[in-house]
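What follows is a single structure, written as structure tokens, with notes after it.
The values are calculated or read from the model by the stated rules, or taken from the named source; none is laboratory data. Quick caveat: nothing in here was measured; it's all calculated off a predicted structure. Don't worry about glycine lacking a Cβ; one is built from the backbone with ideal geometry, like all the others, and counts go over all protein chains shown. Protein only, heavy atoms only, side chains kept; ligands, DNA and RNA dropped before computing areas. Shrake-Rupley method; radii C 1.70, N 1.55, O 1.52, S 1.80 Å.
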Amino acid sequence: MFLAWRELVFARARFGLMGGVVALIAILVVLLSGLSSGLVNDGVSGLQRLPVNAFAFAEGTQTDSAFSRSTVNVSQATAWKGRDDVGDAAPFGITLVNAKATTEAGAQVPIDLALFGVEPGSFLAPAVSDGAGLGDLDGIVVSQTVLDEGLAIGDTVAIDRLGTQLKIVGTTGDQRTFGHVDVAYLPLRSWQQVHAGAGPGDEARAGAYEEVTAIALRARDGDQIDLTGGDAAAGTASMTLDESFGASPGYTAEISTLTLIQVFLYAISALVVGTFFTVWTIQRKHELAVVRAMGASTGYLMRDTMIQATVILAVSTAGGFLIGVGGGAMLATTPMPFALEAGPLVFAALLLVGLGLAGAAAAVGRIVRVDPLAALGGQR
Amino acid sequence: MTTGSTSRRQDLHPAGAQERGGLLMEGVTLSLGDGDATVTALDDVDLAVAAGEFAAIVGPSGSGKSSLLAVAGALTTPDAGRVLVDGVDITRASSREKARHRRERIGFVFQSGNLIPALTALDQLRFALDIAGKRTGGGHDPRELLDRVGMGHRVGHRPHQLSGGERQRVGIARALVTRPAVLLVDEPTAALDRARSDDIVTLLAHEAHGFAVATIMVTHDHEVLSHCDRVLSMVDGRLSE
Ligand SMILES: Nc1ncnc2c1ncn2[C@@H]1O[C@H](COP(=O)(O)OP(=O)(O)OP(=O)(O)O)[C@@H](O)[C@H]1O
Ligand SMILES: [Mg+2]
């Protein structure tokens with residue numbers, strides 16, 4: 001501790017440079033973490049906020065496009081509902097549509113919507129923070145993000161080509177999006193009509209009112225659903241909620257790209273810190289030999305270097321995170337998918353410091369190999 | 001260690017030379033290198049330096065002088081023989097125990113001071129006390145000691161702000177601050193001019209006597225030998241008076 005602190009101050013330019021690199025990496029980590037959280041929100045917050053443990057899709061649908069490809073029969077919900085570990089099961093429909101909203105002032109606003117078709121009385125029906133819940137066939141409950149874009153409860157939305165008129169009756173009060181598109185809940189029957197391509201007043205083709213995208217499953221309290229057994233009985237192919245995220249548009253590609261970049265950043269950070277302390281140790285080889293000849297134990301010297309690493313990492317990570325969070329807070333107000341969440345940020349900070357310490361620890365091992373004998377004579 | 005350390009503790013004034021163990025080497029042999037390149041660096045060396053005695057070792061390059069310091073200072077383990085510092089046998093100690101012997105019983109003065117660049121003169125001494133676990137007692141007062149070696153006006157200077165002779169003075173104070181029983185000095189005047197060399201060796205003689213430290217100095221500088229109590233010469237690993 002005696003030497004560690006004085007050396008930090010004495011070699012502040014060198015330590016400062018390394019700390020600067022770590023701080024820059026920390027800023028990037030914050031921004032990428034915010035971007036990841038933002039993309040997750042934009043991609044699957046509509047699914048995350050459903051009170052659902054798993055989805056049962058049609059047998060044989062491709063995993064990565066299940067939400068757009070799968071069609072199951074509402075009766076399959078009954079098969080699932082009868083199982084012991086299933087608390088509730090309800091038919092669920094998803095369709096992406098283009099629409100035009102008309103505001104009270106009469107302006108026409110183009111808007112994309114992810115229509116979530118749910119039975120108004122089922123456990124899937126959304127709780128509303130403002131306005132009314134699902135009920136009327138033409139009433140929709142929308143994500144708060146729709147209102148943030150300038151629409152209001154009472155405005156009407158006309159689906160392109162079909163001309164179906166829907167009316168915003170309520171909002172969930174939070175962000176619910178799916179594949180970067182705002183979610184609008186509507187009664188299952190209306191959804192089936194839109195899904196089948198039937199315009200207002202038309203009767204959809206036979207069987208359309210039997211079809212949904214998937215069966216949403218909720219486990220009985222404290223139970224784990226036996227998906228394999230249920231699939232065999234109901235003739236479906238089910239995924240847990242988390243697995244189903246991969247079935248929403250673009251999600252897997254976006255997240256894996258960002259994850260890859262972050263993994264690289266962590267690796268770079270650990271390498272930078274490890275390299276710095278390797279060079280730092282080599283530079284001080286003669287000095288370390290002198291100190292060891294004076295009788296300092298290797299433990300004493302390693303502890304000193306690890307204290308230096310801890311101080312530098314903690315200060316630079318904290319600094320980088322402060323700047324990153326400050327900048328991120330500004331980004332969060334833009335339409336960019338960006339969200340700062342405490343959990344992932346704390347995890348990222350700990351990981352950055354932890355990996356940096358691991359890098360330093362790898363370098364510090366060299367101290368053991370410094371021969372105190374080298375302090376004798378003029379061998380510099 | 002018991003009576004000796006309590007009486008030494010009082011102040012900077014000389015303590016009775018006979019209380020301390022000094023250095024004893026018996027039949028010490030050391031071979032370096034291996035295979036065809038094996039060199040007998042120390043060949044059956046016997047040496048006794050009493051507390052308060054200032055001995056010099058001279059000899060041609062490669063004769064084994066540094067090797068002798070390394071063995072006496074618990075940096076190298078000899079192949080045969082034994083080494084006692086202040087009555088304690090350090091010959092077969094583990095490397096961990098050797099480090100402890102070094103910080104508690106042995107002081108080194110290196111060729112060019114070998115001070116730590118980050119530390120002021122005062123902190124060099126405090127650091128030595130910190131390593132030896134003697135910051136709260138058991139060592140000398142660092143300020144008083146710096147004063148004594150004529151560095152009282154430079155306590156806040158770092159090595160790069162000191163002259164070669166001043167660095168060497170701080171190096172000597174650093175070696176003494178932990179109250180070692182044995183002081184091992186490796187060519188202290190190699191980087192100094194005539195007058196400066198004389199000052200430094202005079203200082204070493206003064207402290208060796210004053211603090212009752214058994215002191216061995218390796219040197220190539222025959223001009224300074226007049227300050228020493230004893231001069232030994234080393235040729236091909238063999239030591240003679
Ligand atoms: N690591 C080593 N491996 C092999 N031989 C060594 C090693 N270190 C020193 N020697 C040899 O041991 C002998 C004694 O070396 P030492 O350094 O003790 O000499 P010295 O008297 O201090 O010389 P100088 O006056 O040049 O400093 C020399 O012949 C040297 O070549
Ligand atoms: Mg030598």
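Report the accessible surface area buried between chains B and A, summing both sides, using a 1.4 Å probe on protein heavy atoms only, in Å² rounded to the nearest 100.
About 2200 Å² of accessible surface is lost on pairing.
Step by step: find N for the stretch A:47-248, compute 2.2 N^0.38 Å, then divide the Cα radius of gyration by it. What's the final number?
Computed over Cα atoms of the stretch A:47-248, the ratio equals 1.00.
For the stretch B:121-241, what proportion of DSSP beta bridges, expressed in % and rounded to the nearest 5, is antiparallel?
Of all bridge pairs located within the stretch B:121-241, approximately 40 percent are antiparallel.
Please name the residues of the stretch A:1-41 whose accessible area, counted over protein heavy atoms with a 1.4 angstrom probe, falls by no less than 30 Å² between the chain alone and the full protein assembly.
The answer is A:Phe2, A:Leu3, A:Arg6, A:Phe10 - residues whose exposure falls by at least 30 Å² when every protein chain is included.
Any chance you could give the angle, 0 to 90 degrees and rounded to 10, that helix B:121-131 forms with the longest Cα principal axis of chain B?
Helix B:121-131 sits roughly 60 degrees off the main axis of chain B.
Express as a percent, rounded to the nearest 5, the fraction of DSSP beta bridges in the protein assembly as shown (both residues included) that run antiparallel.
Here the antiparallel bridges make up roughly 70 percent for the protein assembly as shown.
Relative to the compact globular guide of 2.2 N^0.38 Å, what is the alpha carbon radius of gyration of chain A, as a ratio?
Dividing the Cα radius of gyration by 2.2 N^0.38 Å gives 1.38.
At each listed q (0.18 Å⁻¹), what is the log10 of I(q)/I(0) that the Debye formula gives for the stretch A:269-380 modelled as equal alpha-carbon point scatterers?
-0.88
Of the trypsin sites (Lys or Arg not before Pro) in the stretch A:276-328, which ones lie in a loop per DSSP and count no more than 10 other C-beta atoms within 10 Å?
Listed in order of number, the matching sites amount to none.
When all protein chains stay in place, what accessible area (Å², nearest 10, 1.4 Å probe) is found for A:Val109?
50 Å²
GNM, chain B, Cα, under 10 Å: largest mean-square fluctuation among B:Thr120, B:Thr136, B:Thr40?
Of B:Thr120, B:Thr136, B:Thr40, the Gaussian network model singles out B:Thr136 as fluctuating most.
Per residue of B:110-117, count partner chain C-beta atoms within 10 Å of its C-beta, then hand back the mean as an integer.
6
Where both residues lie in the stretch B:6-240, what percent of DSSP beta bridges are antiparallel, nearest 5?
Antiparallel bridges make up about 50 percent of those DSSP assigns within the stretch B:6-240.
If I build a Gaussian network model for chain B, linking alpha-carbon pairs within less than 10 angstrom, which residue out of B:Leu42, B:Leu176, B:Leu162 has the largest mean-square fluctuation?
So, out of B:Leu42, B:Leu176, B:Leu162, the one fluctuating most is B:Leu162.
Under a GNM of chain B (C-alpha, springs under 10 Å), which listed residue has the highest mean-square fluctuation: B:Val39, B:Val182, B:Val155?
Maximum fluctuation in the GNM of chain B, among the listed residues, is at B:Val39.
Please list the helices of chain A that count as membrane-span-like by this rule: a mean Kyte-Doolittle hydropathy of at least 0.0 together with Cα atoms stretching 27 Å or more along the helix axis, each helix being a complete DSSP H run.
A:12-48, A:251-283, A:298-332, A:342-364
Quickly rank A:351-358, A:50-57 as a protection proxy: mean count of other C-beta atoms within 10 Å, highest first.
A:50-57, A:351-358
Starting from the stretch A:178-239, pick out the GluC sites (Glu not before Pro) whose DSSP state is loop and whose Cβ has at most 12 other Cβ atoms within 10 Å.
Passing sites in the stretch A:178-239 are A:Glu203.
Averaged over its residues, how many other protein chain Cβ atoms are within 10 Å of peptide A:363-373's Cβ atoms?
Going residue by residue through A:363-373 and averaging, the value is 2.
Probe of 1.4 angstrom, ligands and nucleic acids ignored: what's the accessible area per residue over the stretch A:47-248, in square angstrom?
Value returned for the stretch A:47-248: 43 Å² of accessible area per residue.
Just to be sure I follow the definition: excluding the sites themselves, where is the longest run in chain B that has none of the trypsin sites (Lys or Arg not before Pro) in a DSSP loop with at most 14 other Cβ atoms within 10 Å?
B:93-241
May I ask you to find the residues of the stretch B:50-93 that are shielded by at least 20 Å² of accessible area once the whole protein assembly is considered instead of their isolated chain (probe 1.4 Å)?
B:Leu75
Pairs of Cα atoms under 8 Å, at least six residues apart: use those to get the relative contact order of the stretch B:6-240, whole percent.
31 percent
What is the Rg over Rh value, at two decimals, for the stretch B:6-240, using alpha-carbon atoms and the Kirkwood definition of Rh?
Using Cα coordinates only, the ratio equals 0.96.
Which whole-number percent is the relative contact order of the stretch B:20-76 (Cα, under 8 Å, 6+ apart)?
Reported relative contact order: 33 percent.
Compute the angle between helix B:95-105 and the longest alpha-carbon principal axis of chain B, please, reported from 0 to 90 degrees and rounded to the nearest 10.
50 degrees
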